[in-house]
Amino acid sequence: MFQPVSSRVNFGELEEKTLALWAEKDVFKRSVENRKNNRRFTMYEGPPTANGKPGIHHVLSRVFKDVIPRYKVMKGFYAPRIGGWDTHGLPVELEVEKALGFKSKTDIERYGIAEFNQKCRESVFKYVQDWNALTERIGYWVDLDNAYVTMNNSYIESGWWVVKQLWDKGLIYQGHKVTPHCPRCGTSLSSHEVALGYEEHTEDPSVYIKFRISPNSLQGTLSAFKNKPFSLLAWTTTPWTLPANTALAICDSAEYAVLDMGEEYLVLAAARLEANGLQAAHEVGRVKGSDLVGLKYLPLFNPFEYEMSVARLENGELVVVPATTSLDYHVIATDYVSMDDGTGIVHTAPAYGEVDYESGKKYGLYFIHHVDLQGKITGTYPGAGKFVKTADPLITQELKHRGLLFKSETIHHTYPFCWRCGTPLLYFAKQSWYIRTTACREALISGNESINWYPEHIKHGRFGDWLQNNVDWAFSRERYWGTPIPVWRCQTCQSTDCIGGLAELQGKPGFSGFKDPLDLHRPYVDDITYECTQCHGEMKRVTDVIDCWFDSGAMPVAQYHYPFDPDSLNIFTDGRFPADYICEAVDQTRGWFYSLHALSTLLFNRPSYENVICLGHILDEKGEKMSKSKGNVVLPETVIGKYGADAVRWYLFTASPAGNARRFSEKLVSEVTRSFMSTLWNVYSFFILYANIDKYQPSMEKYPTVSELDRWILSELNQLIKEVTSDLDSYDPVAAARAIEIFVDYLSNWYVRRSRRRFWKSESDADKLSAYSALYECLVKVSKLLAPFLPFLAEEIYRNMICSVDPQAPDSVHLTDYPVADESLIDNELSSAMRLAMKVSSIGRAARAQAGIKVRQPLAEAFIVGVAPSEQAGLEKLADSVIDELNVKRLSFVSNVADLPENSATVTEGTLSVAIDKTLTQELADEGLVREITHRLQGLRRNANFEIADSIITYFEADEHAERVISIWQDYIQRETLSTNLVKGFPDDGTVTSESYKLEGHIVNLGVKKA
């Protein structure tokens, strides 16, 4: 006997019981260890940071990470899954700063680096219990007891080894470049971090400034314009950079217009006249850009007058110039001047733009750095001491006062913000440490060709484009809580040395020793010194730490303490490297996906992963980004608590293709519960109910398939197994889940509905046993197919249907093998014919609805128009199903709609039409009345809370016509309602559940009680 199952289910409570079962029986560990001698399947866990609570987007990535390894285990693979925690970097530091009320790095250094980093260490696992609880609750099986932790000394040492390998290959260097800088965090960011923080529709100033040309430089054709001021018009959205302007860039092949504005001449590109509203201005000449090259102009702000030092870029080096120098700024020709915006004349400040800096090196331009690392204006400029964005209007106002502002507007454009703290990024020329990823650009691109991306367009789209436009990785951070850069510099001769491990460091001459307990973080590692081998000076570590994306990118080796742990040397031969599978959201194409790929390629000249599912983002139910300020954030624990984890999992698997954004809300999850999970549960509870009534024993009896309906559902089942296996092998769980969803719909709304009478009948003939056997096989195999997707519901169905009858079977569905399709049972012709039968039935029901005739009212005939001869042959084999479904006596095929009877209702879909004969004979009407009476008696049974197998006595009172009909159809009514007797009149003992009805114009009183 199977355990009884209620048609009503609380999935959340069921899941809690299943979690307890898994814990008691150690199912996760056993599922892994049972396959230990088989081929390994490796998934890398992208490490989250546990200093904040997990959100619904974390549930999304975790269930997609879960589904593939679960499947692979059931396919026989050995698949241990190791968790990880990302514990370093700005995300952690900012949370601690916020808790301590700090505003800048100065506050940290005043507080103490050791004390601050201790707070960081304490904070990284602040919400680890929440993470662990959610991970367990959603059924994500991953080993958290042995998770790698990026702040551990062993992990840091492996990170040092990686840096040393790159150093020895000449791929690490310190460069003076323009880098994106966060003034709030006080550090540079890498290009892939910048890509995470762009915001659209950012409002900024849009100002047009007049640069006065020195009259003496107007020579040749330009000498004619010496009679009044001659200005070049340039545009900028960053007025704060104007004090650092030291050149104007033009396109030497472009044509520039000279406009007479009355009191002065104004020059801009002829192609930009209309865009700037100057097409009607008085034009007095045109010159080539090459005619403007070399023109000297007066500084907008002479730096010496504003207490600012000046340097010059000479051979790529900064050389300070005396304060007595007469500064001459001039016009240069470059290839980056655009005619698509601005004026065709570009304001150039070498300290604050990448192309500006390159021009500075090329032309030996002056270099003025008037902004500190906190983004505040220095010197005595307008806005001195204020943040650059606050200083913008003050600088603009000063230029307006001096008559140099042509116009001032605002613009909305895309601008980069710090991906963690939300501060506008500034582009600074500064010293940073770089990984020379550009040296391996071709290897990165070719390695990407061997990676399977899902969706495929990511390979040559978002990720491929990123690789094509790769720039060197600025991987140093002027921060505190991170892996220290293992580079020591001599304080005397400035030579540098890279350390690749603790033993190497201890072996250095004059090594100062480690403190106990060992902590490889700042400030302790900063205190370690040794003797310079070049000049015997003191070697001290540079103070920078490493980008936390480097930490996560090093996890393929660092999680195993490679190469220091002897067992780690086997990762290339035992299946631990490369990973078979990784999965994160689409923003990681420029984050973790990139850092993994870059470091592996630079180290080993091969990718570190083979298959990637790249997920779209989660939005609210209206398609808007979730945010606390909007109040539209959905907490995962709330939805899981109400509907269960399986419902959330199923929605996330089926809502949209993996790479697309998906909307999420409690309402959408509830719809999944109703449309899929409750449907499957109803089929399951239906089977258990009747199987227990009939004492069906699947393990002891094997019955032949005698029904076309059974042959069809088993064909569909094996086709499903084949399809789901192919989809999961192709890393497409969405397609696999949707295929299961379609099958369950067929199983419930066609197979079970068409088979109900077979289960109801009292005799256990071959047809009934065939139905039991087919439905049992479907449910058992669907439970196994569903196990990677809905681990809780699959477990419930499997344990009741298998373990209840076979004590020798594995005690969890997750310890079984995945189903294998029996392709000999797949009948494509039968499948096509049945789908057509379902379509004909659907159209026929629509014709009934159009005619206003109830489904319970039998009709004489239905007509089918528009099927091919081969389709007709298939439908004729299934005619009984269609006849029963449409409640008609006959099914006929006609050539065209014109041949249909006059009194018919027709509905057409495409080339297929179905019509019903609306003519009602008295005999048909009487049968319709009987169907209504039977339907009401079934309702009375339910109202009386009778068991489905209870026999009853039926009582009735009716007019003469209805009584006659009941008498004629007595056997049918008794058979359909399990009535032992039909009794005219009602007893007076109050034991009868009764109701009065008006059916087809006849008053009928009905009552029931147990026999």
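The helices (runs of 4 or more DSSP H) falling completely within region 427-481 that include 1 or more residues that are within 20 Å of the chain's Cα centre (by Cα) map to 457-460, 462-468. Flag set for P47, criterion: in a loop (DSSP other than H, G, I, E, B) and either over 24 Å from Y643 (Cβ atoms) or touching a helix residue (DSSP H, G or I) at 6+ places or on another chain (Cβ under 8 Å) (or both).
A Cβ distance below 6 Å, combined with a sequence gap of six or more or placement on separate chains, defines the contacts here; from region 927-946, residues that are in contact (Cβ under 8 Å) with a residue 24 or more places away in the chain and farther than 12 Å from L999 by Cα reach residues that are part of a helix (DSSP H, G or I) and of a type in the set (V, I, T) in the pairs L937/T977. The residues of region 912-963 that are under 12 Å from K1010 (Cα atoms) and among the acidic types (D, E), listed by number, are E947, D950.
One residue stands out among those in region 703-756 that are open to solvent by 10 Å² or more (accessible area, probe 1.4 Å), β-branched (V, I, T) and in a helix (DSSP H, G or I): the one that is nearest to Y776 (Cα to Cα), which is I742.
Just wondering, is there one or more residues in region 73-92 that are of a type in the set (S, T, N, Q) and not in a loop (DSSP other than H, G, I, E, B)? Within region 73-92, none of the residues are of a type in the set (S, T, N, Q) and not in a loop (DSSP other than H, G, I, E, B). For region 560-612, residues that are in contact with a Gly (Cβ under 8 Å, 6 or more places away or on another chain), crowded, with 19+ Cβ neighbours inside 10 Å and farther than 23 Å from R436 by Cα total 5. In this structure, L14 does satisfy being surrounded by fewer than 20 Cβ atoms within 10 Å (Cβ to Cβ), in contact (Cβ under 8 Å) with a residue 24 or more places away in the chain and part of a helix (DSSP H, G or I).
Would you check which residues across region 262-271 are open to solvent by 10 Å² or more (accessible area, probe 1.4 Å) and under 14 Å from R212 (Cα atoms) and list them? Answer for region 262-271, where residues must be open to solvent by 10 Å² or more (accessible area, probe 1.4 Å) and under 14 Å from R212 (Cα atoms): E263, E264, Y265. I need the strands (runs of 3 or more DSSP E) fully contained in region 916-1011, keeping only those with at least 2 residues that are over 60 Å from the mean Cα position of the chain (by Cα) and either buried (at least 18 other Cβ atoms within 10 Å of the Cβ) or not assigned by TED's automatic domain parsing to the domain that holds R890 (or both). Qualifying strands (runs of 3 or more DSSP E): 952-958, 979-984, 1002-1010. Pairing each residue of region 250-279 that is over 19 Å from K407 (Cβ atoms) with any residue that is in a loop (DSSP other than H, G, I, E, B) and among the hydroxyl-bearing types (S, T, Y), provided the two are 6+ apart or on different chains, yields C-beta distances under 8 Å for I250/T334; C251/T334.
Within region 257-269, is there a residue that is closer than 25 Å to T390 by Cβ and of a type outside the set (A, V, I, L, M)? No - not one qualifying residue is present in region 257-269.
So that you can scan it fast, the table gives a plain yes or no per residue for (1) out of contact with any Ser or Thr (no Cβ under 9 Å at 6 or more places or on another chain); (2) without any contact (Cβ under 8 Å) to a residue 60 or more places away in the chain:
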site	(1), (2)
A737	no, no
I742	yes, yes
L747	no, no
R753	yes, yes
L769	yes, no
L793	no, no
D806	no, no
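Is it fair to say F41 is touching a strand residue (DSSP E or B) at 6+ places or on another chain (Cβ under 6 Å), under 30 Å from A554 (Cβ atoms) and of a type in the set (A, V, I, L, M, F, W, C)? No; evaluated as a whole, the condition is false for this residue.
Among the residues here, V319 qualifies as out of contact with any helix residue (DSSP H, G or I) (no Cβ under 7 Å at 6 or more places or on another chain) and of a type in the set (A, V, I, L, M, F, W, C). Contact map, region 975-996: first residue on the phi < 0 side of the Ramachandran plot, second residue of a type in the set (D, E), Cβ cut-off under 8 Å, separation 6 or more or different chains; pairs are K984/E957; K984/E963; F986/E957. Looking only at residues in region 482-503 that are farther than 19 Å from V162 by Cβ and in contact (Cβ under 8 Å) with a residue 12 or more places away in the chain, the one that is least open to solvent (accessible area, probe 1.4 Å) is C490. Look at (1) open to solvent by 10 Å² or more (accessible area, probe 1.4 Å); (2) out of contact with any helix residue (DSSP H, G or I) (no Cβ under 7 Å at 6 or more places or on another chain) and you find that L518 fails only one, number (2).
Checking S783, S726, S764 one by one, the residue that is in contact (Cβ under 8 Å) with a residue 24 or more places away in the chain, out of contact with any strand residue (DSSP E or B) (no Cβ under 6 Å at 6 or more places or on another chain) and under 30 Å from A579 (Cβ atoms) is S783 and no other. Scanning region 913-949 for residues that are under 22 Å from S892 (Cα atoms), out of contact with any Lys or Arg (no Cβ under 7 Å at 6 or more places or on another chain) and among the aliphatic types (A, V, I, L, M) yields V914, A915, L920, L924, A925. Evaluate the following for S446: is it farther than 30 Å from L518 by Cα and without any contact (Cβ under 8 Å) to a residue 12 or more places away in the chain? The answer is yes for S446. Under the condition of being touching a residue at least 40 places away in the same chain (Cβ under 8 Å), open to solvent by less than 50 Å² (accessible area, probe 1.4 Å) and assigned to a loop (DSSP other than H, G, I, E, B), the residues counted in region 366-383 number 7.
Of all positions in region 772-788, at least one carries a residue that is in a loop (DSSP other than H, G, I, E, B) and either within 41 Å of the chain's Cα centre (by Cα) or closer than 17 Å to Y71 by Cα (or both).
Scanning region 218-245 for residues that are surrounded by fewer than 18 Cβ atoms within 10 Å (Cβ to Cβ) and in contact with a Leu (Cβ under 7 Å, 6 or more places away or on another chain) yields a single hit, K226. Residues of region 537-576 that are of a type in the set (A, V, I, L, M), over 23 Å from V487 (Cα atoms) and not in a helix (DSSP H, G or I): I571 alone.
For region 282-318, a residue qualifies if it is touching a strand residue (DSSP E or B) at 6+ places or on another chain (Cβ under 9 Å), among the hydrophobic types (A, V, I, L, M, F, W, C) and open to solvent by 30 Å² or more (accessible area, probe 1.4 Å), and the qualifying residues are V284, V293, L298, L318.
When residues in region 339-355 are screened for being in a loop (DSSP other than H, G, I, E, B) and open to solvent by less than 40 Å² (accessible area, probe 1.4 Å), 6 of them pass.
Would you please name the residue that is surrounded by the most Cβ atoms within 10 Å (Cβ to Cβ), looking only at residues in region 162-206 that are at pLDDT 90 or above and basic (K, R)? Ranking the qualifying residues of region 162-206, first place goes to K164.
The values are calculated or read from the model by the stated rules, or taken from the named source; none is laboratory data. Quick caveat, the model's predicted, so the values are computed rather than measured. Quick reminder, even Gly has a Cβ in these numbers, built from the backbone with ideal geometry, and neighbours come from all protein chains shown. Protein only, heavy atoms only, side chains kept; ligands, DNA and RNA dropped before computing areas. Shrake-Rupley method; radii C 1.70, N 1.55, O 1.52, S 1.80 Å.
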